[in-house]
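These notes concern the structure reproduced below.
The values are calculated or read from the model by the stated rules, or taken from the named source; none is laboratory data. Computed from a predicted model, the values in this text were never measured in an experiment. Positions of Cβ are backbone-derived with ideal geometry, glycine not excepted, and every protein chain shown enters the neighbour counts. What goes into the accessible areas is simple: the full protein's heavy atoms, side chains included, and nothing from ligands, DNA or RNA. Shrake-Rupley method; radii C 1.70, N 1.55, O 1.52, S 1.80 Å.
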Amino acid sequence: MRRNLITMLLCLLTAVGFAQKEKFLEPDIKAEFPDGVAAMMQFVRDNMKYPKDCEKEGICGRVVAAFVVETDGSLSNLEVLRSPDERLSKEVVRIIGLMPKWRPAIRDDKPIRMKYTMPVSFNLPKRGTMEAWPVEMWSCVNPKIEGAKEDPKGLYKLVKFAYEDGSKRDVPFEQYKYCGDSITLQLVEKKNTNNDYWMDIYDNDGYEFKYSASLNEHNTQIYDSNDKGFKFKWYSNYTNKPLFPYHQYVTEMYSSEYSIPYSARHVIDLLKMKTATDRKIYGCWYRIGVVTQVEGLDMFLAAPQDLYQIFDKDMYLHVYDLNPGKKLRAYFVLRPISYKENNIIVQHGAECKIDWINDDSFKLSFDRGDGTIVTELWKRSGLPRNYQRVFGTNLPTFQINNPIPNYFRMQ
């Protein structure tokens, strides 16, 4: 068993009529695991096995299970209410099935049936250590640095919401902030499979996050910032989003070490142009357009949208610029790539042929799936300037000076 791979937040909450029509009486004494909650937590730690496939794929999150404690202390009607993955659900079901009989709930000196929910959070360890980052991360921050007046820099994951009444809630989606020197970007994971990783990125806040001892001109506050994370406080005017109570301050808790998957970190590294250099294809390229034939003549067609591609040893990143020249907004696709002899690369399961025009441009040809060969023209280029300002690079950006399609210039 690998206890250090798991940090769990367990809590028992009474639920009345939670998933069934049956109504449960309010007890005088709640049902309890033998020897109490601490013993139950230890029992789960001793028996829990993090599914290896989930660990390898970076799958984590909270499983919420519910069950009834019968009058004889046995557990029945076990069900999983929410879960990030079926394999995590099965592990929680298995461990609850191993539990001994509980002490039943009591009402009027008689045992009664009672229903409970039990959330179990699976959290992967931070890289480079065998210790997992606690779910209640802010209760474990070193008091010597808590509240440090540091500006957040780099990539952080949103791990919890806190509200004005003191309650907290785990985040039911994957969201990150990338804090740069001039702006803060919001990144939201759209899809994550074994082969593909999709992410939206946009300038949601419109300014750089800086430590502020009180509400700033944006009616927000950055506090408790240090090398491990920060808190971001903002005022909600949403009327239809349960996560954000209307006319209340919401605090978002961000961590730089809490289960940030390799895929998210690799996206940022590629945007910073941290790529290998021993192949001339490595680095960033811009799709100029598509070459096709019309009545036997080669024709050049403009690309339908601005697309950049960053090549690395094992992965490549599509960068779709959705708002060229304006407020930064894009989506990324990170996928595996392999290189073969004779200038053949394998992208998204398809073989593509590279014909080099010179060291700074090439044609990429592939079968679009119906027997039609598509040929794209690519030119070496840096990302647009609004990206480079955020990610700290300074590379020439290739542009076409329309309407003359064959006149190119470097900026």
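Averaged over residues, the count of other Cβ atoms within 10 Å places the peptides 58-70, 75-87 in the sequence 58-70, 75-87, highest first. Other residues within the sphere of radius under 14 Å centred on the Cβ of W356, judged by their own Cβ, net out at +2 (K and R +1, D and E -1). In this structure the amide hydrogen of Q399, modeled in the peptide plane, comes within under 5 Å of the amide hydrogens of R409, Q411, none closer than 5 places in sequence on its chain. Of the solvent-accessible surface of the stretch 163-287, computed with a 1.4 Å probe over protein heavy atoms with every protein chain present, carbon and sulfur atoms account for 44 percent. Extension gain, K56 to T71: 0.36 nm times the residue separation minus the Cα-Cα distance gives 1.3 nm.
Note on the stretch 283-361: Rg/Rh from C-alpha atoms, Kirkwood Rh, equals 1.00.
For the stretch 313-399, the fraction of 1.4 Å probe accessible surface lying on carbon and sulfur atoms is 47 percent.
The residues of the stretch 48-102 expose on average 49 square angstrom of accessible surface per residue, using a 1.4 Å probe on protein heavy atoms. The phi-based Karplus calculation (6.51 cos²θ - 1.76 cosθ + 1.60; θ = phi - 60°) puts the 3J(HN,Hα) values of the stretch 56-70 at 5, 8, x, 8, 8, x, 10, 9, 10, 10, 9, 7, 10, 8, 6 Hz, whole numbers, x for Gly and Pro. Cβ-Cβ distance of N216 and Q305, R₀ of 30 Å, FRET efficiency by 1/(1 + (r/R0)^6): the value works out to about 0.25.
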